[in-house]
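The values are calculated or read from the model by the stated rules, or taken from the named source; none is laboratory data. Keep in mind that this is a model prediction, so the values were computed, not measured. No Cβ is skipped: glycine too gets one built from the backbone with ideal geometry, and neighbour counts run over all protein chains shown.
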Amino acid sequence: MGFSDNLENNLKSLEAREELDPMQFLRERERKENERKEKLAAAPFAEKLRTCAFTQNLLGLTTRLGFSKRVKVHMVWVDSGLRLEARNLRLELRPTGKGIRAHFYTDGQETQSEMIDLEGDAQPLAERWLAGLE
């Protein structure tokens, strides 16, 4: 099949999809636009999360606290957020349009969620998160 035949088939399938359910197509477009707006609003907070002293302090504190409890703390950047895992506990810091939200998980279930101040002290957050290991 040539390039033009392939292109024609793709265009026909797109047209057929729009004809079948134009409202669904519009809803999907609106959903994508809303996601794009949310990402744009969260972008400054995501950059601040990556570069601020709060994050560096949090990573150091959780490593030290985990070591004192003989637990390895795994850290990974997921999309624009930060995920920390230790045994059955997980802490996710996700940028939103209004700031950074911390999500606490135990055994895969979200137990708590709160906004955090990146200008504040990271120690209370680290201690509160790892308190569940005792």
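Taking LYS12, is it modelled with pLDDT of 85 or more, more than 15 Å from GLN123 (Cβ to Cβ) and in a helix (DSSP H, G or I)?
No; evaluated as a whole, the condition is false for this residue.
Out of GLU30, GLU38, which single residue is modelled with pLDDT of 80 or more, touching a strand residue (DSSP E or B) at 6+ places or on another chain (Cβ under 8 Å), acidic (Asp, Glu) and in a helix (DSSP H, G or I)?
Working: GLU30 fails: touching a strand residue (DSSP E or B) at 6+ places or on another chain (Cβ under 8 Å).
Result of the check over GLU30, GLU38: GLU38.
So GLU8 passes all but one of these: (1) acidic (Asp, Glu); (2) outside the structural domain of PRO124 (by TED's automatic domain parsing); (3) under 21 Å from the mean Cα position of the chain (by Cα). Which condition number does it fail?
(3)
Given the conditions (1) under 26 Å from LEU133 (Cα atoms); (2) surrounded by 13 or more Cβ atoms within 10 Å (Cβ to Cβ), and given that GLY99 satisfies all but one, which numbered condition is not satisfied?
(1)
Give the stretch 41-69 a look and list any residue that's in a loop (DSSP other than H, G, I, E, B) and either among the hydrophobic types (A, V, I, L, M, F, W, C) or at pLDDT 95 or above (or both), or say none.
The one that is in a loop (DSSP other than H, G, I, E, B) and either among the hydrophobic types (A, V, I, L, M, F, W, C) or at pLDDT 95 or above (or both): CYS52.
Can you find a residue in the stretch 92-100 that is polar (S, T, N, Q) and out of contact with any strand residue (DSSP E or B) (no Cβ under 6 Å at 6 or more places or on another chain)?
yes
Can you give me the number of residues within the stretch 86-109 that are of a type outside the set (A, V, I, L, M, F, W, C), within 14 Å of the chain's Cα centre (by Cα) and in a strand (DSSP E or B)?
9
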